[in-house]
1. Anything in the stretch 369-386 that is among the hydrophobic types (A, V, I, L, M, F, W, C) and modelled with pLDDT of 95 or more? List them, or say none.
2. Being closer than 25 Å to ALA293 by Cβ and part of a helix (DSSP H, G or I) is the requirement here; does LEU262 meet it?
3. Under the condition of being of a type in the set (Ser, Thr, Tyr) and at pLDDT 95 or above, which residue from the stretch 414-445 is nearest to GLY493 (Cα to Cα)?
4. Which number in (1) touching a strand residue (DSSP E or B) at 6+ places or on another chain (Cβ under 8 Å); (2) surrounded by fewer than 23 Cβ atoms within 10 Å (Cβ to Cβ) marks the one condition that VAL329 misses?
5. Of ARG47, ARG65, which residue is part of a helix (DSSP H, G or I) and basic (Lys, Arg)?
6. When you look at ARG366, is it more than 15 Å from ILE473 (Cβ to Cβ), surrounded by 20 or more Cβ atoms within 10 Å (Cβ to Cβ) and modelled with pLDDT of 95 or more, yes or no?
7. Could you tell me which residue of the stretch 261-272 is nearest to LEU67 (Cα to Cα), considering only residues that are buried (at least 19 other Cβ atoms within 10 Å of the Cβ) and modelled with pLDDT under 95?
8. Within the stretch 77-94, identify whether any single residue is open to solvent by less than 20 Å² (accessible area, probe 1.4 Å) and outside any helix (DSSP H, G or I), and answer yes or no.
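The values are calculated or read from the model by the stated rules, or taken from the named source; none is laboratory data. Source: prediction; values computed, not measured. Cβ sites come from the backbone with ideal geometry, for glycine too, and all protein chains shown count toward neighbours. Protein only, heavy atoms only, side chains kept; ligands, DNA and RNA dropped before computing areas. Shrake-Rupley method; radii C 1.70, N 1.55, O 1.52, S 1.80 Å.
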Amino acid sequence: MGRHATARTRRRILLPLLAIALAAVLGAATWAVVAMARSDPGCEPVRVVVAASPDIAPAVTEAARALDLACVAFDVQPRESHQVAAELSGTASRPQAWIPSSTLFLRKAGGVPLSGPSIASSPVVLAVAEPVARELGWPRKPLTWPEVLAHTGIVAGMPDPGHDPAGVSALVALRELTKDASDPAAAYVASLRHFSPTTSGATVFPAAENAVLRHNSGLLEGETASVAVYSSAAPALDYPFVEVEGATAQQGKAVAELKRALLRGAATGPRSELRAAGGQALRLTETDQRVEAQGQRSAEIPDAAEVAKALSQWAAVNASARVQVLIDVSGSMSAPVPGTGKSRLRITLEAAENALHLFRSTSQVRFLAFATKVDGDRDYREILPMAPIRQQLAAVDRLRAVRAVPDGQTGLYDSVLDIYRLAHEEWERGKLNLVIVMTDGRDTDPGGISRENLVAELGKLSDRDRPVPLIAIGIGPEADETELRQLVAPAGGQAFLSRDPAKIGEVFYGALGRIAGAG
């Protein structure tokens with residue numbers, strides 16, 4: 001792997017890269033013009049409003065001008081697709097035709113078809129700051145998404161998938177690229193965690209190819225170019241053309257003429273930064289060498305359910321969490337783990353400490369230890385109170401100092417019930433509220449609640465409107481899988497086993513990944 005980008009290099013390249021995300025708006029902001037055709041004597045021109053994504057609006061304007069239709073005035077308005085979608089679902093005035101950047105927006109609007117013929121396309125790429133790309137071996141070799149994201153010298157950002165189809169495309173591509181991992185769910189969430197939920201300060205982020213081209217062509221002295229890195233797993237922007245309900249007959253005829261011209265390639269000529277609908281080679285007479293001009297294959301846009309799932313997973317991964325972590329300190333946790341020189345408890349505590357880095361900085365965590373009668377008659381005690389991640393990282397010495405209770409039994413049921421009740425009492429909206437229990441055995445507290453009663457009580461506490469998933473992680477060969485699965489079922493949680501305690505870290509991270517990606 002090449003040398004990392006220095007802090008100074010990062011500062012030089014961060015601000016120029018932000019221009020890519022805004023290029024579609026800034027590059028076309030002056031194209032809100034009326035394309036007047038022939039005006040016959042005594043003719044009152046019919047106004048036809050076409051709302052078009054800003055990156056294709058200039059080409060649509062030129063196509064409208066070239067039609068030379070009598071008594072028609074095309075008003076091509078560069079409009080952000082998410083804004084038009086919202087307006088079409090309300091009472092605002094409606095255009096006669098709409099060309100959003102992606103079919104995804106048609107699903108959010110009212111009074112328009114759910115699909116339309118594509119008049120152009122633009123692959124979704126990773127826009128990589130050129131210094132970073134060169135560190136990775138470009139241009140000697142083409143780069144791949146996994147290679148870029150594995151590089152420790154990047155700052156990865158994600159445009160808001162709720163507004164930018166490039167963000168949705170990236171989520172879809174990352175899922176496809178991780179599907180063959182040993183634990184696809186955990187690998188997918190790990191890949192999402194590479195990205196901050198913003199492109200501010202990013203040296204790598206998903207963007208449309210045409211945005212990269214515009215950014216590079218408008219560079220000022222001292223600004224940094226971007227290299228486009230492709231993946232066939234990423235759906236392209238497809239620029240569907242749709243007619244909007246409410247047009248008059250004359251407006252409808254004009255819209256049909258414009259549609260025919262665009263379908264014949266009027267928006268993808270030799271000066272266009274867009275490709276034909278099938279992703280054919282760019283027709284620019286002089287193509288930026290940081291972009292691959294040859295034809296590009298792209299994945300199909302997934303159905304609405306898959307898109308909703310991807311958006312939900314992204315939201316879950318980026319949500320702040322409120323987590324209760326129960327750690328078994330019964331006598332059996334002092335058993336040595338062969339080949340490590342450490343006990344089960346030591347390895348478990350290390351995994352819990354490392355997991356602090358998996359949560360967003362705005363998350364809060366409480367750590368508790370349980371066995372039997374570790375705090376008077378109570379089977380658990382607090383190690384670290386509920387506090388933000390940064391505060392817990394500063395206090396990890398208290399976590400590291402925890403020791404197993406030599407003769408302690410496993411007071412699992414009473415501890416889980418009490419902490420689950422506490423999690424419900426402290427439940428916070430907008431956060432991922434979790435209870436995590438890590439244990440190497442089954443409940444052995446003779447004076448505690450029974451399994452049947454525990455399951456019943458957890459069922460009573462379960463609330464779909466205030467969910468608190470319960471994650472149970474069994475450690476070592478004595479962990480009872482059946483018991484753990486029965487324990488988590490009423491709480492809508494999941495159970496995971498690490499028969500080899502030395503691999504508890506992998507299981508812990510995978511468990512969090514599955515829960516975060518379960519949306």
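1. ALA369, PHE370, ALA371, ILE383, LEU384, MET386
2. So LEU262 passes the test.
3. Ranking the candidates gives TYR420 first.
4. Only one criterion is unmet by VAL329, namely (2).
5. ARG65
6. So ARG366 fits the description; yes.
7. Of all residues in the stretch 261-272, those buried (at least 19 other Cβ atoms within 10 Å of the Cβ) come to 262, 266-268, 272.
From what is left, the residues that are modelled with pLDDT under 95 are 266-268, 272.
Details: ALA266: 10, ALA267: 13, THR268: 16, SER272: 18 Å.
By that ranking, first place goes to ALA266.
8. Taking the stretch 77-94 first, the residues open to solvent by less than 20 Å² (accessible area, probe 1.4 Å) are 81, 84-85, 88.
Imposing the further condition that a residue be outside any helix (DSSP H, G or I) reduces the set to none.
Taking every residue of the stretch 77-94 in turn, none turns out to be open to solvent by less than 20 Å² (accessible area, probe 1.4 Å) and outside any helix (DSSP H, G or I).
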